[in-house]
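Structure first, commentary second.
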Amino acid sequence: MDHFVIEKTKLLLVEGDDEVNFFYALFKHMGVEEQIHVHNSGGKSNISRDIKKLAVSPNYDALTHVGIIQDADQSAFDAFRSVQNALRNRNMPFPDSMGGIVNGTPNIGVFIIPTNSEEGMLEDLCLKTRSDHPAMECVEAFMLCLKNNVTDFPKNETKAKCMSFVAACTDAHSLGIAAKRGCWNLDHECLSDLKEFIMGLFCSEI
């Protein structure tokens, strides 16, 4: 098994490139970007694999804080249970609840996007930050037009809405790069719980 490269003492595991770019943009907005390394697991199914690799890395003891953020998709409970089981199987500390943080060596927290209870994904959270933007009316009208006029309607309507809004906002062509270019409102209250989790895990002692 390949060893996990640990670049900083504070580590965040996420699903993919969009999440890496989004969280670096959010960390910069919060003023904590220098403290945390964001690791791309290359897909939701690979997070458990990377937890296993992390646990056997030679420099694992250097870690002080580990965060794991994963999409709920169809079930926040199932997503959380998957992460919890992966931590338990490697004899790593794990929180009892979604959004929880457990004190250990290292401290570990798990957040299930979008709200630790609802189904959904990062795209849902990003769209909420722009729910009152004039372009969202155009996006909704575009989705309705597609539903009424095409047979191959996007299987994931949320992702389609997200990319439509990104196209109206910037030429970034991805959610994560759009975050770095200021497309999403990182001051929106819908991000409050996520920010509280980040500050509680990475920026304070528990």
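The values are calculated or read from the model by the stated rules, or taken from the named source; none is laboratory data. This is a predicted model, so every value here is computed, not measured. Positions of Cβ are backbone-derived with ideal geometry, glycine not excepted, and every protein chain shown enters the neighbour counts. For accessibility, only protein heavy atoms count, side chains too; no ligands or nucleic acids. Shrake-Rupley method; radii C 1.70, N 1.55, O 1.52, S 1.80 Å.
Once both axes come from the Cα atoms, what is the angle between helix 134-149 and the longest principal axis of the chain, in degrees from 0 to 90, rounded to 10? With both axes taken from Cα atoms, the answer is about 70 degrees. For the range 110-174, the solvent-accessible area of protein heavy atoms averages 56 Å² per residue (probe radius 1.4 Å; ligands and nucleic acids excluded).
Taking amide H as placed 1.01 Å from N in the peptide plane, the amide H of His188 sits under 5 Å from none that are at least 5 places away or on another chain.
Distance between the pseudo-spin-label points of Ala62 and Asp78 (7 Å out from Cα toward the beta carbon): 3.8 nm. When the square roots of the Cα gyration tensor eigenvalues are ordered a ≥ b ≥ c, the ratio a/c for the range 1-80 is 1.5 or more and a/b does not exceed b/c, which makes its shape oblate. Inter-label distance, Thr170 to Ser117: 3.1 nm, where each label sits 7 Å from its Cα along the C-beta direction. Nearest 0.05, what FRET efficiency do Cys203 and Asp96 give at R0 = 25 Å with Cβ-Cβ as r? Working from the Cβ atoms, E equals 0.70. Spatially close Lys pairs in the range 1-118, defined by Cα atoms under 20 Å apart and a spacing of eight or more places or different chains, total 8. Once a ≥ b ≥ c are taken as the square roots of the eigenvalues of the Cα gyration tensor of the chain, is the result rounded (a/c under 1.5), prolate (a/b larger than b/c) or oblate (a/b not larger than b/c)? Here the chain falls in the prolate category.
How many angstrom lie between the C-alpha centres of the range 167-191 and the range 85-130? Answer, in whole Å: 22. Dividing the summed -39500 (n - 2.57) terms of all DSSP H runs of n ≥ 4 by the residue count of the chain sets its mean residue ellipticity at 222 nm at -13500 deg cm²/dmol. By the Cβ distance rule (another cysteine Cβ under 4.7 Å), the unpaired cysteines of the chain are Cys126, Cys138, Cys145, Cys162, Cys190, Cys203. If R0 is taken as 22 Å, the Cβ-Cβ distance between Asp193 and Ala135 corresponds to a FRET efficiency of 0.30. In the chain, what percentage of the DSSP-assigned beta bridges are antiparallel, given to the nearest 5? For the chain, the DSSP antiparallel bridge percentage is about 15.
Once the Cα atoms are used to define both axes, helix 192-202 deviates from the longest principal axis of the chain by about 20 degrees.
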